[in-house]
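Visitor: Sharing a structure below in structure tokens format, with a few things to ask.
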Amino acid sequence: MTRVLVVDDDFMVAELHSRFVSAMDGFTVVGVAHSGAQALRAAEQLRPDLLLLDVYLPDMNGIAVLRELRAAEGRDPARAGADALFITAARDAGLVRDALRSGALHYLIKPFNRAALQEQLRHVASLRARLEGLGEARQSDVDQIFGPRPPGSRELPKGLAAPTAELVERTLRGRPEGLSASECAGAGELSRVSARRYLEFFAETGRAEVTLRYGGTGRPERRYRWIG
């Protein structure tokens, strides 16, 4: 169960966000705060797993709250760290940058609908589950947690070329329903053998998933879908 502290100076907005969170399986609201000082006290007392944090608060901005929280966690090695998801009307790019540098998981700009917030909550739950289940991280695990690296920075095994990998990736991304090696070869003007090698590489590194489709011949066809 992910324990959530909702921080917003608007009482009605805080109540709305609390309802959105409470409607999600695996999440519970443990407290609500309407100022930075309240948020820090609540975080100390309740030890939430996640803060839904506004930038605009009456006494200090939400980024300062997150920095104070990180400092408090650093002073107490036994204290579990809390994640933070900003939900705010603040659109200044400098604030977005500061939120990222302070360790926020994401930054959701108001107004947004219930589905947008719940999508982010599901993403948080997925990240927490993946991290808790890891002993030693592979690069593919890290990429799924932090987001994919630029194509040119990804290590390719011997015999695979970055330009062709980028071509196959673009082809996969353009076919969200999935495709076979033959279809990928036709779309990218590659040989089927070459397309299959790149598709298998993406599958092995966790960036594509493979399903089997049975046709009239009785032989299963491997189909690939990009999951990034």
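Visitor: Can you work out which of the residues in region 113-148 that are touching a helix residue (DSSP H, G or I) at 6+ places or on another chain (Cβ under 9 Å) and at pLDDT 85 or above is farthest from residue 19 (Cα to Cα)?
Guide: The residue in question is 121.
Visitor: Please tell me if residue 65 is open to solvent by 40 Å² or more (accessible area, probe 1.4 Å), among the β-branched types (Val, Ile, Thr) and not in a loop (DSSP other than H, G, I, E, B).
Guide: For residue 65, the condition - open to solvent by 40 Å² or more (accessible area, probe 1.4 Å), among the β-branched types (Val, Ile, Thr) and not in a loop (DSSP other than H, G, I, E, B) - is not met.
Visitor: I need the full set of residues from region 31-60 which are assigned to a strand (DSSP E or B) and open to solvent by less than 40 Å² (accessible area, probe 1.4 Å), in order please.
Guide: Selection gives 31, 33, 50, 51, 52, 53.
Visitor: To continue, here is another question. Do you know which residues across region 1-30 are touching a strand residue (DSSP E or B) at 6+ places or on another chain (Cβ under 6 Å), surrounded by 15 or more Cβ atoms within 10 Å (Cβ to Cβ) and not in a helix (DSSP H, G or I)?
Guide: 2, 3, 4, 5, 6, 7, 27, 29, 30 - these are the residues of region 1-30 that are touching a strand residue (DSSP E or B) at 6+ places or on another chain (Cβ under 6 Å), surrounded by 15 or more Cβ atoms within 10 Å (Cβ to Cβ) and not in a helix (DSSP H, G or I).
Visitor: Would a scan of region 75-87 turn up a residue that is closer than 17 Å to residue 7 by Cα, open to solvent by 20 Å² or more (accessible area, probe 1.4 Å) and more than 20 Å from the chain's Cα centre (by Cα)?
Guide: Taking every residue of region 75-87 in turn, none turns out to be closer than 17 Å to residue 7 by Cα, open to solvent by 20 Å² or more (accessible area, probe 1.4 Å) and more than 20 Å from the chain's Cα centre (by Cα).
Here is a yes/no grid of residues against (1) of a type in the set (Phe, Trp, Tyr); (2) modelled with pLDDT under 95; (3) farther than 26 Å from residue 118 by Cβ:
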{"residue": "8", "(1), (2), (3)": "no, no, no"}
{"residue": "29", "(1), (2), (3)": "no, no, no"}
{"residue": "33", "(1), (2), (3)": "no, no, no"}
{"residue": "66", "(1), (2), (3)": "no, no, no"}
{"residue": "78", "(1), (2), (3)": "no, yes, yes"}
{"residue": "82", "(1), (2), (3)": "no, yes, no"}
{"residue": "87", "(1), (2), (3)": "no, yes, no"}
{"residue": "100", "(1), (2), (3)": "no, yes, no"}
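Visitor: Looking at residue 151, is it over 22 Å from residue 1 (Cα atoms), surrounded by 13 or more Cβ atoms within 10 Å (Cβ to Cβ) and at pLDDT below 90?
Guide: yes
Residues are listed down the side, and each one gets a yes or a no for (1) within 20 Å of residue 138 (Cα to Cα); (2) of a type outside the set (A, V, I, L, M); (3) surrounded by fewer than 18 Cβ atoms within 10 Å (Cβ to Cβ); (4) more than 23 Å from the chain's Cα centre (by Cα):
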| site | (1), (2), (3), (4) |
| --- | --- |
| 166 | no, yes, yes, no |
| 177 | no, yes, yes, no |
| 186 | no, yes, yes, yes |
| 194 | no, yes, no, yes |
| 200 | yes, yes, yes, yes |
| 203 | yes, no, yes, no |
| 208 | yes, no, no, no |
| 219 | no, yes, yes, yes |
| 222 | no, yes, yes, yes |
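Visitor: I'd like the full set of residues that are in a helix (DSSP H, G or I) and among the charged types (D, E, K, R), limited to region 167-224.
Guide: Within region 167-224, 169, 170, 173, 183, 192, 196, 197, 200, 204 qualify.
Visitor: A further question on this structure: Within the set of pairs 6 or more residues apart or between chains, which connect a residue that is without any contact (Cβ under 8 Å) to a residue 60 or more places away in the chain inside region 115-127 to a residue that is open to solvent by less than 70 Å² (accessible area, probe 1.4 Å) and of a type in the set (Gly, Ala, Ser) with Cβ atoms less than 8 Å apart?
Guide: Short answer, once both residue conditions are applied: none.
Visitor: Ok, one more. Restricting attention to region 88-131, which residues are among the polar types (S, T, N, Q) and open to solvent by 60 Å² or more (accessible area, probe 1.4 Å)?
Guide: Across region 88-131, the qualifying residues are 113, 126.
The values are calculated or read from the model by the stated rules, or taken from the named source; none is laboratory data. In this text the structure is predicted, and so the values were computed from the model without any measurement. Cβ coordinates were reconstructed from backbone atoms using ideal geometry, including for glycine residues, and neighbour counts include every protein chain displayed. Surface areas here come from the heavy atoms of the whole protein model, side chains and all, with no ligands, DNA or RNA. Shrake-Rupley method; radii C 1.70, N 1.55, O 1.52, S 1.80 Å.
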